[in-house]
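Heads up: the structure comes next, in structure tokens.
The values are calculated or read from the model by the stated rules, or taken from the named source; none is laboratory data. Just so you know, these numbers come straight off a predicted model, no measurement behind them. Don't worry about glycine lacking a Cβ; one is built from the backbone with ideal geometry, like all the others, and counts go over all protein chains shown.
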């Protein structure tokens, strides 16, 4: 066993549980118009105040009639168009030309598709024997008045917004967007676009973090690139503690001489835990900084992204008021060898595909915590259990497909 696998590391499930028990949902509620509701989180349930559809209507272009008259030569007594009402009740032996979405005329109980009819002048003959109720969409069939349509804690997507519009709702009550402060630390980092000095790297983590946060639809407070100086880190932390609900910091949480984030956090706030039994991403820290919760991400790019995705994002969703569903996991057969030794839960970047009736998963040779290109072409994590060793071709592997927060 090496230092990286030393006792005392917190299992991922325990770390998530401890964080979720610590954080609180933002309390403020806003009323937001329909056009601005994408990716907002409902503060209260949405109930239907109307039926959808609001009336019995035709599911097809065709003819509305009485099923008992199906064997007769029918008289075409008029037409019913979407948006208009045919108010005259059908008499025996009559039918009405009807378009999709048009209200069912009084007395009609069936719609026959026009392809199943023969029309001569104003007379109609059916070429099939319909069943009573065919091709009629009933009032309330989609949504019944009084039902709960969407629960509190639901993140609204495009379909949900269309659903709200179908209920006649022009606005909804949602949680305030959390404010998340973001910063990178490291004297070795320089902003993209600037010339690189010897021994320097471009600051990529902060831009990845901000991109993930945009997908979460939070308010981002970008505190920039902070040098490895305790006073500079203190100043950034004081601002974040005052202005933000959460803080994401990349780098400086390990044990090097220039890793000042952890000592400053202990000075200005508190550390809940430090080091999680996952790979990549062991030096992850969680704590409190004033009113804000603190996520200290590792400095290596892959470690930073994996811990952000697997540890910080679920907790940020809770802070936003969301009640997210559990992640979708699938079992797959390995197509090649996954190198691993027992010790930590390993999130290896992989490709999941379907071959016939079986899920297959293949990995990449380059799985280092600094190799950001290991995400290129990947669409999932191969999640290898802590006590597991190397995976051979044909072995069953748990696979976690990438979600919208990282792709």
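With respect to residue 139, determine if the residue is out of contact with any strand residue (DSSP E or B) (no Cβ under 6 Å at 6 or more places or on another chain) and not in a helix (DSSP H, G or I). Step through it out loud before you land on a result.
Numbers: out of contact with any strand residue (DSSP E or B) (no Cβ under 6 Å at 6 or more places or on another chain): yes; not in a helix (DSSP H, G or I): yes.
Criteria met by residue 139.
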Quiz item: Which of the residues spanning segment 95-127 are assigned to a strand (DSSP E or B) and touching a helix residue (DSSP H, G or I) at 6+ places or on another chain (Cβ under 8 Å)?
Solution: 95, 110, 126
Quiz item: Since residue 163 meets every condition but one in (1) surrounded by 18 or more Cβ atoms within 10 Å (Cβ to Cβ); (2) touching a strand residue (DSSP E or B) at 6+ places or on another chain (Cβ under 6 Å), which condition does it not meet?
Solution: (2)
Exercise. Only residues that are surrounded by 17 or more Cβ atoms within 10 Å (Cβ to Cβ), part of a helix (DSSP H, G or I) and either outside the structural domain of residue 116 (by TED's automatic domain parsing) or within 26 Å of the chain's Cα centre (by Cα) (or both): list them for segment 18-73, please.
Key: 19
Practice problem: Would you point out the residue of segment 339-380, among those that are in a strand (DSSP E or B) and in contact with a helix residue (DSSP H, G or I) (Cβ under 8 Å, 6 or more places away or on another chain), that is surrounded by the fewest Cβ atoms within 10 Å (Cβ to Cβ)? | Solution: 345
Self-check item: segment 285-336, residues that are modelled with pLDDT under 95, over 21 Å from the mean Cα position of the chain (by Cα) and in a loop (DSSP other than H, G, I, E, B)
Solution: 290, 291, 298, 299, 300, 336
